[in-house]
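Accompanying notes for the structure given below.
Every number in this text was worked out from the coordinates using simple rules, so none of it is lab data. The model shown is predicted, which means the values in this text are computed figures rather than measured ones. Neighbour counts run over all protein chains shown; Cβ positions are idealised from the backbone, glycine included.
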Amino acid sequence: MSDVKTCACCGEVSEEQLLLQLDDVLAQNRSKEGALIPVLQIAQTMFGYLPKAALKKIALTLGKPYSEVAGVVGFYSFFSTMPRGKHLVRVCLGTACYVRGGKQVLESFRKHLGIDVGQTTEDRMFSLEVARCFGACGLAPAVMIDDDIHQRVKAARVGEIIDQYRKEKKPAKVKTQKKGGK
């Protein structure tokens, strides 16, 4: 794996440089009660995922066993120890979304991206995950890509949605497909 990671805020930065930046974050949070999860969130934002070197540094600096830190990361689905794509695709499979075709939408994303849930495309453009609820049940099925919520998504339209993210820097904030639309 390459030693260069892409940080959305500052371009290409080496893992070594990011670990040095993590030292600053840890210094600010070392003595704070309950700092583990906030530090993990910051680290994941910095690296794009949580590499083993970062987890070891966090455990050592916060005086926690590595097993505890790894256990927290494994427990919360928000955290990832695998590199994620530039765009995180989360398909809702909560009750309303599932009943209204969420499973078919997920299958269409799998097919179009050529990956399964929990995987990242070879070009590191997309990662695919399942979610349980975005609070858009009345507009199900819903898909969240990065911070954009796509509502009433049709499996037949998944390719068009993916193309928006391949072609544009940032698509419009919310994409809604009309009920009964093609």
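At a glance:
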{"quantity": "Those GluC sites (Glu not before Pro) in segment 48-141 that DSSP places in a loop and that have at most 16 other beta carbons within 10 Å", "calculated": "Glu122"}
{"quantity": "Segment 87-176, relative contact order [Cα under 8 Å, separation at least 6], %", "calculated": "34 percent"}
{"quantity": "Nearest 10 degrees, 0 to 90: helix 158-167 Cα axis against the chain principal axis", "calculated": "50 degrees"}
{"quantity": "Structure-derived Rg/Rh (Cα atoms, Kirkwood Rh) - corresponding label in (i) 1.23; (ii) 1.02; (iii) 0.92", "calculated": "(ii)"}
{"quantity": "Spin-label zone in segment 129-154 - amide nitrogen under 19 Å from a point set 7 Å from the Cα of Asp123 along the C-beta vector", "calculated": "129, 145-146"}
{"quantity": "Taking segment 4-75 and dividing mean pair separation by its residue count, relative contact order in percent (alpha carbons under 8 Å, at least six apart)", "calculated": "28 percent"}
{"quantity": "Approximate spin-label separation Arg30-Lys56, in nm, with each point projected 7 Å along Cα-to-Cβ", "calculated": "2.0 nm"}
{"quantity": "Percentage relative contact order, the chain, counting C-alpha pairs under 8 Å, at least six apart", "calculated": "16 percent"}
